[in-house]
Amino acid sequence: MGYHDIVIIDDGVDERYIGTSVLRYNLEVGPDLRITERSDMCERHLSHGTVCAAIIAHYAPDASLGSIKVLDSRLHQGTRGQLEAALKWCLEQKPMLVSLSIGTIQSKDFDEIRPVLSELYRKGFVLVAAYNNHFRYTVPASLECVVGVRRKFFTEGRYGVNGDGFEIFAEACSVHELMLRGRGRYHTPSSNSYAAPYVTALLYNSLPGDFSGDIACLWEMLGQEREKPFCFFPDFLDSAVLVGSNEDEWPELFYFKAVTAELAAGPGKTGEGIYLVVLEKSASLMRSILAETAVRQEYIKGIFCCWEEAGIGKGNLGGLGSRIWQEGYYIEKYRKYTSPGELEIPVVYFYGERRLLIGMLQALKGRFLEEGYNAKAVGQFRRAYLYGLEYIDIVQNRETILYNVYKRFGCDIILCGIASREVIHDVEDVCFWMWEDMPGDEKVSRIPVRESAGDWMAEEIFRRIMALFDTDNDNRELGF
């Protein structure tokens, strides 16, 4: 397989509607997550996946199509596990285009699906995915290693690149006139899910023979200007080589698998792409690292510089400039609203030592997700983004960043950890004190700190928060 192959992950494809196209493979993921050849092909059914395949075949007639059915054709429902199984099947193939007119807006699914999507991108796959039709944060579409697609009321054949302040995405026509065998002329309704296969076809027709899967190149093919950062949010790492000193970090708590390795032994050793996470603060050392890395640049999928200094990503930098992220890009996005509106959800603050906060926020966020709440955890301390948390750099930006996190994710509750002994939150908000010494402010709730008490502490705090917002005890509601 290669970039001449496109796999459609949807509710199945009935090739009998598509004329001369023949599926290279026709698989399905069952409820038990076993992948088998499809067996329910007797009755003709114009499924959603069939229409998506017909769109691709219409605009890219030379493409080799394959199908993996993960949704029920009648109910259009499936599970996160079925989607994950289909994506893992792709990992065993050579790089190709993966077209997904499906996704999830369930926050409990995000962290489960993200790593396999990141690994696919790292191995050279091209991922195209439709946003939810209400344009909510959607996985895969919202991840920056994926070409997310939204419909635009363009005339047929038009497309472009746009953004909503947080994410960039492709916009394309979704209303297509197709000729289906045995069905005749068929007009697709306006939907993000019918814009995505069109963008898949566009990229298929544009990919050069030596393409390596660079996301920045994909955006340029769709019309974005050059010299843009390849991402603003480091949300898609699955595995990374650490470069530089990490004595004040805890890689075992990172949200991705951290590999400490000599730079010389890292890139290209396994023949697949890698991410680098650079923990040094010296710009001159960073440039030295880039010069050393540039000789193997075909293997570098992204370089994550963990400091804010402006300008390190500017210029050619040995051809790696379009693959550099630094935390200043993140802050730039989350300072969008200079006069943020009022948060309509609870924000719960925690004061404590940085490592204790990391473990507690990770566990507490997971506890809320288990119960079906869309929770986000935020750290007002150094490099919180390495631990799967949103990040506040300075107290002056906190109000704006919290508001933007709320606007982007539509969350039900925000958990904000602050590595400070100074109580610096709004007095009406709920607050927990996790330092050994007693708080100087009577408005904060004391949480006894014990060694290895992460799970106990998260459960205790979870119960307290739920009690605080129980409508029997308080007129406030969590709002979900």
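Quick notes on this structure:
- Distance from the Cα centroid of the range 68-108 to that of the range 43-57 is 16 Å (rounded to whole angstrom).
- Applying 1/(1 + (r/R0)^6) with r as the Cβ-Cβ distance of ARG355 and HIS187 and R0 = 60 angstrom yields a FRET efficiency of 0.55.
- Virtual spin-label span in nm between ARG446 and GLU459, 7 Å along Cα→Cβ: 2.4
- Relative contact order of the range 123-204, defined on C-alpha pairs under 8 angstrom at six or more residues apart (%): 27
- Sulfur and carbon atoms: percent of accessible area, the range 104-158 [1.4 Å]: 43
- Spin-label zone in the range 217-245 - amide nitrogen under 17 Å from a point set 7 Å from the Cα of SER206 along the C-beta vector: 217-231
- Packing-based ranking, highest mean first, of 111-117, 354-360, 160-166 given that Cβ atoms within 10 Å are counted: 354-360, 111-117, 160-166
- A Förster radius of 51 Å, combined with the Cβ-Cβ distance separating GLU399 from SER288, puts the computed FRET efficiency at roughly 0.85.
- For the residue pairs LYS333/LYS407; LYS88/LYS257; LYS257/LYS301; LYS228/LYS333; LYS152/LYS228, the C-alpha atoms sit more than 20 angstrom apart in LYS152/LYS228.
- Put CYS145, CYS217 in order of accessible area, highest first, and with a 1.4 Å probe you get CYS217, CYS145.
- Spatial separation of Cα centroids for the range 111-132 and the range 199-233, in angstrom: 15
- GLU220 paired with TYR25, simple spin-label distance in nm, labels 7 Å along Cα-to-beta-carbon: 3.2
- SER239-GLU436 FRET efficiency (beta carbon distance; Förster radius 41 Å; 0.05 resolution): 0.70
The values are calculated or read from the model by the stated rules, or taken from the named source; none is laboratory data. Keep in mind it's a predicted model, so treat the numbers as computed, not measured. Neighbour counts are summed over all protein chains in view; Cβ atoms, including those assigned to glycine, are modelled from backbone coordinates with ideal geometry. What goes into the accessible areas is simple: the full protein's heavy atoms, side chains included, and nothing from ligands, DNA or RNA. Shrake-Rupley method; radii C 1.70, N 1.55, O 1.52, S 1.80 Å.
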